[in-house]
Amino acid sequence: MKIIDFSKQKSVINKYVRELRDKDTQRDRMRFRQNVIRIGHAMAYEVSKVLEYEEVELQTPLAKAKAVIPSEDIVIATVFRAGLPLHQGFLDVFDEAGNAFVSAYRYYKDKEGTEVSIRIEYMATPCLEGKTLILVDPMLATGGSMELAYDAFCTKGKPARLIMAAVIAAKPGVEYLKRLFPSNDVLLYCAAIDPLLNEHKYIVPGLGDAGDLMYGEKL
């Protein structure tokens, strides 16, 4: 798996990440969501550079012209609920892409909250056979959600290509996905990669619960 870490580059993405992390700026829920959408826009532009392209001819009001456009059949997929703004950012750029959704949530198997598992209950997707799957999720902690989401989507056809994107990733989760997807044909785009997971499997320093910061606290 090839990893693209934008925190090691000079990019406006770093500004958006700074605001996402700041506990004072986080009080503005709308700005938090918008910054995730902006990161999606920037990441999608970078992803567009690695796609296959074809030349097409079109008719302007004055004459014929040629254009070079992406030729891959793209499906953008995400995990409810926190993935929705990042998904929207990618869809704003790849506006003709198919869309896939899965619900995945973490639950603790012990009362101390240290043994974490992921449960999937809902999925909606087009056929993925031979398509380019762009799987986006703002928080990549253990890698479990990405793995289960990908496995669930693959029951509806095997994608020809896998591209993943996360806003904040934890190094242990990145290493896990590297073992799971050893081929350099698989790409992982991260706005930032943090070093640690705490005992409850939250990313440190991270930014907190992305879903709650976007949509409010849940029961």
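The values are calculated or read from the model by the stated rules, or taken from the named source; none is laboratory data. Worth saying up front: this structure is predicted, and the values here are computed from it rather than measured. A quick note on method: Cβ atoms are made from the backbone with ideal geometry, for glycine too, and the neighbour counts reach across all protein chains shown. In case anyone asks, the SASA skips ligands and DNA or RNA and just uses the protein heavy atoms, side chains included. Shrake-Rupley method; radii C 1.70, N 1.55, O 1.52, S 1.80 Å.
For Pro195, the stated conditions do not hold, so it cannot be described as more than 17 Å from the chain's Cα centre (by Cα), in contact (Cβ under 8 Å) with a residue 60 or more places away in the chain and open to solvent by 40 Å² or more (accessible area, probe 1.4 Å). When each of Gly157, Gly208 is tested for being at pLDDT below 95, over 13 Å from the mean Cα position of the chain (by Cα), at positive phi and not in a strand (DSSP E or B), the lone residue that passes is Gly208. Taking region 43-75 as the range and being aliphatic (A, V, I, L, M) and more than 25 Å from Phe153 (Cα to Cα) as the test, the residues that pass are Val56, Leu58, Leu62, Ala63, Ala65, Ala67, Val68, Ile69. The selection criterion, being assigned to a strand (DSSP E or B), open to solvent by less than 30 Å² (accessible area, probe 1.4 Å) and modelled with pLDDT of 95 or more, does not hold for Ala65.
Taking the numbered list (1) closer than 26 Å to Phe32 by Cα; (2) at pLDDT below 95 in turn, Gln88 passes all entries but (2). Residue-level analysis places Val75 outside the set of residues that are at pLDDT 95 or above, among the hydrophobic types (A, V, I, L, M, F, W, C) and more than 23 Å from Met146 (Cα to Cα).
On the basis of being small (Gly, Ala, Ser) and part of a strand (DSSP E or B), does Ala165 make the cut? The answer is yes for Ala165. Scanning region 11-62 for residues that are out of contact with any strand residue (DSSP E or B) (no Cβ under 9 Å at 6 or more places or on another chain), among the aliphatic types (A, V, I, L, M) and surrounded by fewer than 18 Cβ atoms within 10 Å (Cβ to Cβ) gives Val12, Met30, Leu62. Annotation note: Cβ proximity below 8 Å between a residue of region 11-23 that is closer than 23 Å to Asp212 by Cβ and aromatic (Phe, Trp, Tyr) and a residue that is open to solvent by 40 Å² or more (accessible area, probe 1.4 Å) and modelled with pLDDT of 95 or more (sequence gap 6+ or interchain) occurs for Tyr16/Arg38. Scanning region 1-26 for residues that are part of a loop (DSSP other than H, G, I, E, B) and closer than 19 Å to Met146 by Cβ gives a single hit, Met1. Restricting attention to region 168-197, the residues that are assigned to a strand (DSSP E or B) and of a type outside the set (D, E, K, R) total 12.
All told, Glu46 meets the bar of being under 30 Å from Asp151 (Cβ atoms) and either in a strand (DSSP E or B) or touching a residue at least 12 places away in the same chain (Cβ under 8 Å) (or both). Checking the structure you have, find out if any residue of region 117-127 is of a type in the set (D, E, K, R), surrounded by fewer than 16 Cβ atoms within 10 Å (Cβ to Cβ), within 16 Å of the chain's Cα centre (by Cα) and under 13 Å from Ala104 (Cα atoms). Scanning region 117-127 turns up no residue that is of a type in the set (D, E, K, R), surrounded by fewer than 16 Cβ atoms within 10 Å (Cβ to Cβ), within 16 Å of the chain's Cα centre (by Cα) and under 13 Å from Ala104 (Cα atoms). Can you find a residue that is loosely packed, with under 14 Cβ neighbours inside 10 Å and of a type in the set (A, V, I, L, M, F, W, C) anywhere in region 141-156? Scanning region 141-156 turns up no residue that is loosely packed, with under 14 Cβ neighbours inside 10 Å and of a type in the set (A, V, I, L, M, F, W, C).
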